[in-house]
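Visitor: Okay, here's the structure, questions in a sec.
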Amino acid sequence: MDILTQFWNSVVGIIEDSAFGTLDWRNYVMILISFVLIYLAIKKQYEPLVLLPIAVGMLLVNLCPAIALGGTTNMIPFDEYVKAHPGETIKYAITELNGIKYVNEPHSGGLLFYLYQGVKLGIYPPLIFLGIGAMTDFGPLISNPKSFILGAAAQIGIFITFIGAIILGFTTKEAGAIGIIGGADGPTAIYVTSILAPDLLGPIAVAAYSYMALVPIIQPPIMRLLTTKKERQIKMTQLRGVSKLEKILFPIIVTVIVAILLPDATTLVGMLMFGNLMKESGVVDRITNTAKNELMNIITIFLGLSVGSTATGQIFLSLRTIGIICLGLFAFCMGTSFGVLFGKIMCKATGGKVNPLIGSAGVSAVPMAARVSQKVGQEEDPSNFLLMHAMGPNVAGVVGSAVAAGVLISILK
Amino acid sequence: MLENLKLGFTILLAGVVIVFCVLILLIGIIKLYSELVVTIQNTYKKKTAKKKKSVTREDVESQPVVKQEVVTEAPVKSNDDSAIPLEVIAAIAAAVEVVFGEGAVQIKSVKRSSKRRSAWKSAGVAENTRSF
């Protein structure tokens, strides 16, 4: 009989420790959502490099929440510890409470907790920017610096959404983190959120990357709505060639100007421009390749997994998250709209030399947003090639969203 | 709430103005340095072009046309495995023209160098001589 009781107790203990005993319905819903994201990443190829690690992080943390928990310390009564470890030297700290001595035995946390420190401490996003800088050609922006206007216009959505978030009852810091989704720049959104509202990191990161993946679906209707057929058919003159010296000077000048005017944007802009300087100088091919390949890939894995691990059912499935998702979409649409509207203004100001479709590329999301401008332009006129013209506002958008992030951090932190 | 909204509008105004000001400043500076760099480079190009012109005129007057003769070992046949492909010959001819000037050299034949480094040796040399 004793054997049967012990067997039953063991089975019950195993079930209680298993997922069946520790998870609630929200975890199961999140597991289903992670399956949908895995499907979208693999089958539909929506930003798979980012979406797949996020989805797997989400899956792991909802199956086994301990994987993202930090280390703990067990306080074991001194006598009990000595009995259990006869003849061993005590390696841990000893504390005394109410006249009883305790041994503080530490237990390490889960893998994703340690990976998450790179997000929490703001290490991963600047390193991603380093890789982006090493991959980006700022030539189209240097040859047509007016593109910066479109890059700036697309950031207006960030600040309008900020007010929308306040109206919905978010705190000013949370509103700043939600607004930055409108920059359509994943690393910037994560960086700002990790500083202003770390609790919202999961929903904001998932929203930012989801909308970046959905650029080809979200932007075209807005672009068509705000432009006329005639405007969409405008052909732009070929950009002038940019010398190597100009390309080398660009990252240095931008870093100096931005760091002097907005010290809070220095980390992001500085790393972006450092990556670009390595590329354009042409003398450090080995570290340039490391920055844009191995380092970028490693950080993307760490970032994706740790961001996904913040999306637990208990945090993610709430009205606040739904509010964040809706505000993120609003921010993104506003950014696109203001980019196109400023494109129209530039079109009028230049006597029809600028195609307003390139304005939508001001919302970072490199190079997807520029490709969308190209695609929508070619739908009207197959012989129209807007890609290189749209790359100017696109890379200006990266600088613009980093500057906007610096503004929000400096005012709200 | 009202206080937060006030702050919201302040940030909207400040944020938009600052972002535009910083980026417009960058436009001005980029235009300025681009023009400066283009002007300097154009002046330099003109000077070097003048120098080159004077040197080549003297050279052409004083020196006879150089005739380069290279004996071929690998036959130039497209159906032979050991033959040098016609595209390679064309590329070599173009490179020689660029270096010596148009019409200054007459290529009679092209042969493979027998003292060539193996691919492994070349990779090793490239790896060790590349700047860090």
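The values are calculated or read from the model by the stated rules, or taken from the named source; none is laboratory data. None of these values were measured; they are calculated from a predicted model. Because the Cβ atoms are built from the backbone with ideal geometry, glycine has one as well, and the counts that use them run over all protein chains shown.
Visitor: Kindly list the number of the only condition in (1) away from chain B (no Cβ under 14 Å); (2) of a type outside the set (Ser, Thr, Tyr); (3) in a loop (DSSP other than H, G, I, E, B) that fails for A:Met223.
Guide: It is condition (3) that A:Met223 fails.
Visitor: Could I ask something else about it? Can A:Gly313 be described as in contact (Cβ under 8 Å) with a residue 40 or more places away in the chain and in contact with a Lys or Arg (Cβ under 8 Å, 6 or more places away or on another chain)?
Guide: Working: in contact (Cβ under 8 Å) with a residue 40 or more places away in the chain: yes; in contact with a Lys or Arg (Cβ under 8 Å, 6 or more places away or on another chain): yes.
Considered against the rule, which asks whether it is in contact (Cβ under 8 Å) with a residue 40 or more places away in the chain and in contact with a Lys or Arg (Cβ under 8 Å, 6 or more places away or on another chain), A:Gly313 comes out as yes.
Visitor: Of everything in region A:136-165 that's surrounded by fewer than 24 Cβ atoms within 10 Å (Cβ to Cβ) and more than 23 Å from A:Ile253 (Cα to Cα), which residue is farthest from the other protein chains (Cβ to nearest Cβ)?
Guide: Across region A:136-165, the extreme among qualifying residues is A:Gly164.
Visitor: Do the conditions hold for A:Lys44, that is, is it outside the structural domain of A:Ala213 (by TED's automatic domain parsing), within 24 Å of A:Gly308 (Cβ to Cβ) and in a loop (DSSP other than H, G, I, E, B)?
Guide: Working: outside the structural domain of A:Ala213 (by TED's automatic domain parsing): yes; within 24 Å of A:Gly308 (Cβ to Cβ): yes; in a loop (DSSP other than H, G, I, E, B): yes.
Spelling it out, A:Lys44 is indeed outside the structural domain of A:Ala213 (by TED's automatic domain parsing), within 24 Å of A:Gly308 (Cβ to Cβ) and in a loop (DSSP other than H, G, I, E, B).
Visitor: Would you confirm whether or not region A:236-245 contains a residue that is surrounded by fewer than 20 Cβ atoms within 10 Å (Cβ to Cβ) and either modelled with pLDDT of 95 or more or not in a loop (DSSP other than H, G, I, E, B) (or both)?
Guide: Looking through region A:236-245, at least one residue is surrounded by fewer than 20 Cβ atoms within 10 Å (Cβ to Cβ) and either modelled with pLDDT of 95 or more or not in a loop (DSSP other than H, G, I, E, B) (or both).
Visitor: I'd like the residue in region A:311-334 that is of a type in the set (Ser, Thr, Tyr) and not in a helix (DSSP H, G or I) and, out of all such residues, is nearest to the chain's Cα centre (by Cα). Spell out the reasoning first.
Guide: First pass over region A:311-334, keeping only residues of a type in the set (Ser, Thr, Tyr): A:312, A:318, A:321.
From the residues that got through so far, the ones that are not in a helix (DSSP H, G or I) too are A:312, A:318.
Numbers: A:Thr312: 18, A:Ser318: 21 Å.
Going through the qualifying residues, I end up with A:Thr312.
Visitor: Looking at A:Tyr211 and the list (1) under 29 Å from A:Phe332 (Cα atoms); (2) within 12 Å of another protein chain (Cβ to nearest Cβ), which single condition is not satisfied?
Guide: That leaves (2) as the condition not met.
Visitor: List the number of the failed condition for A:Arg286; all other conditions in (1) assigned to a helix (DSSP H, G or I); (2) in contact with a helix residue (DSSP H, G or I) (Cβ under 6 Å, 6 or more places away or on another chain) hold.
Guide: Among (1) assigned to a helix (DSSP H, G or I); (2) in contact with a helix residue (DSSP H, G or I) (Cβ under 6 Å, 6 or more places away or on another chain), A:Arg286 violates only (2).
Visitor: Could you list, in sequence order, all residues of region B:17-56 that are over 22 Å from the mean Cα position of the chain (by Cα), within 12 Å of another protein chain (Cβ to nearest Cβ) and small (Gly, Ala, Ser)?
Guide: The one that is over 22 Å from the mean Cα position of the chain (by Cα), within 12 Å of another protein chain (Cβ to nearest Cβ) and small (Gly, Ala, Ser): B:Gly28.
Visitor: When you scan region A:63-179 for helices (runs of 4 or more DSSP H) that lie fully inside it, which ones turn up with 1 or more residues that are under 30 Å from A:Val29 (Cα atoms)? Explain how you work it out, then say what you get.
Guide: Details: elements: A:78-84, A:111-120, A:124-135, A:139-143, A:147-153, A:156-167, A:172-179.
Of the helices (runs of 4 or more DSSP H) lying wholly inside region A:63-179, those with at least 1 residues that are under 30 Å from A:Val29 (Cα atoms) span A:111-120, A:124-135, A:156-167, A:172-179.
Visitor: Of the residues that make up region A:249-269, is at least one closer than 25 Å to A:Ala311 by Cα, in contact (Cβ under 8 Å) with a residue 60 or more places away in the chain, within 14 Å of another protein chain (Cβ to nearest Cβ) and in contact with a Leu (Cβ under 7 Å, 6 or more places away or on another chain)?
Guide: No.
Visitor: Pairs needed: first member in region B:1-13, at the interface with another protein chain (Cβ under 7 Å from one of its Cβ atoms); second member anywhere, polar (S, T, N, Q) and surrounded by 11 or more Cβ atoms within 10 Å (Cβ to Cβ); C-beta distance under 9 Å; at least 6 residues apart or different chains.
Guide: Taking only residues 6 or more apart or on different chains, the pairs are B:Asn4/A:Thr171; B:Asn4/A:Thr172; B:Leu7/A:Thr172; B:Gly8/A:Thr172; B:Ile11/A:Thr172.
Visitor: Would you point out which residue out of A:Tyr92, A:Tyr81 is modelled with pLDDT under 90 and touching a Pro at 6+ places or on another chain (Cβ under 9 Å)?
Guide: Exactly one residue qualifies, and that residue is A:Tyr92.
Visitor: Just checking, does region B:63-82 include any residue being more than 9 Å from chain A (Cβ to nearest Cβ), at pLDDT 75 or above and out of contact with any Cys (no Cβ under 9 Å at 6 or more places or on another chain)?
Guide: Going through region B:63-82, the residues more than 9 Å from chain A (Cβ to nearest Cβ) turn out to be B:63-82.
Then drop every residue that is not at pLDDT 75 or above, which leaves none.
No, region B:63-82 has no match at all.
Visitor: Kindly provide the set of residues from region A:97-130 that are of a type in the set (Ser, Thr, Tyr) and surrounded by 24 or more Cβ atoms within 10 Å (Cβ to Cβ), ordered by number. Break it down into steps so the answer makes sense when it comes.
Guide: So the first thing to find is which residues in region A:97-130 are of a type in the set (Ser, Thr, Tyr), and the list is A:102, A:108, A:114, A:116, A:124.
Hits for region A:97-130 are A:Tyr116, A:Tyr124.
Yes/no matrix, rows are residues, columns are (1) surrounded by fewer than 24 Cβ atoms within 10 Å (Cβ to Cβ); (2) in contact with a strand residue (DSSP E or B) (Cβ under 9 Å, 6 or more places away or on another chain); (3) within 14 Å of chain B (Cβ to nearest Cβ):
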position: A:Ser360; (1), (2), (3): no, no, no
position: A:Ala369; (1), (2), (3): no, no, no
position: A:Gln374; (1), (2), (3): yes, no, no
position: A:Gly377; (1), (2), (3): no, no, no
position: A:Asp381; (1), (2), (3): yes, no, no
position: A:Leu387; (1), (2), (3): yes, no, no
position: A:Pro393; (1), (2), (3): no, no, yes
position: A:Ala396; (1), (2), (3): no, no, yes
position: A:Val399; (1), (2), (3): no, no, yes
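Visitor: Also, I was wondering about something else. Taking the conditions exactly as written (at pLDDT 90 or above, buried (at least 17 other Cβ atoms within 10 Å of the Cβ) and farther than 19 Å from A:Leu200 by Cα), does A:Gly133 satisfy them or not? Let's see the steps before the verdict.
Guide: Values: at pLDDT 90 or above: yes; buried (at least 17 other Cβ atoms within 10 Å of the Cβ): yes; farther than 19 Å from A:Leu200 by Cα: yes.
So A:Gly133 fits the description; yes.
Visitor: Let me ask you something else. Answer yes if at least one residue in region A:181-188 is modelled with pLDDT under 90 and hydrophobic (A, V, I, L, M, F, W, C), and no otherwise.
Guide: yes
Visitor: Here's another thing I want to ask about it. Check off (1) in a helix (DSSP H, G or I); (2) over 30 Å from A:Ala207 (Cα atoms); (3) away from chain B (no Cβ under 13 Å) for A:Lys292 and give me the number that stays unchecked.
Guide: (2)
Visitor: One residue is enough: does region A:248-269 have a residue meeting the conditions in contact with a Pro (Cβ under 8 Å, 6 or more places away or on another chain), under 30 Å from B:Asn42 (Cα atoms) and surrounded by fewer than 21 Cβ atoms within 10 Å (Cβ to Cβ)? So that I can check it myself, show each step before the final result.
Guide: Kept after step one, since they are in contact with a Pro (Cβ under 8 Å, 6 or more places away or on another chain), are these residues of region A:248-269: A:267-268.
If we keep only those that are under 30 Å from B:Asn42 (Cα atoms) as well, we get none.
Checking region A:248-269: not a single residue is in contact with a Pro (Cβ under 8 Å, 6 or more places away or on another chain), under 30 Å from B:Asn42 (Cα atoms) and surrounded by fewer than 21 Cβ atoms within 10 Å (Cβ to Cβ).
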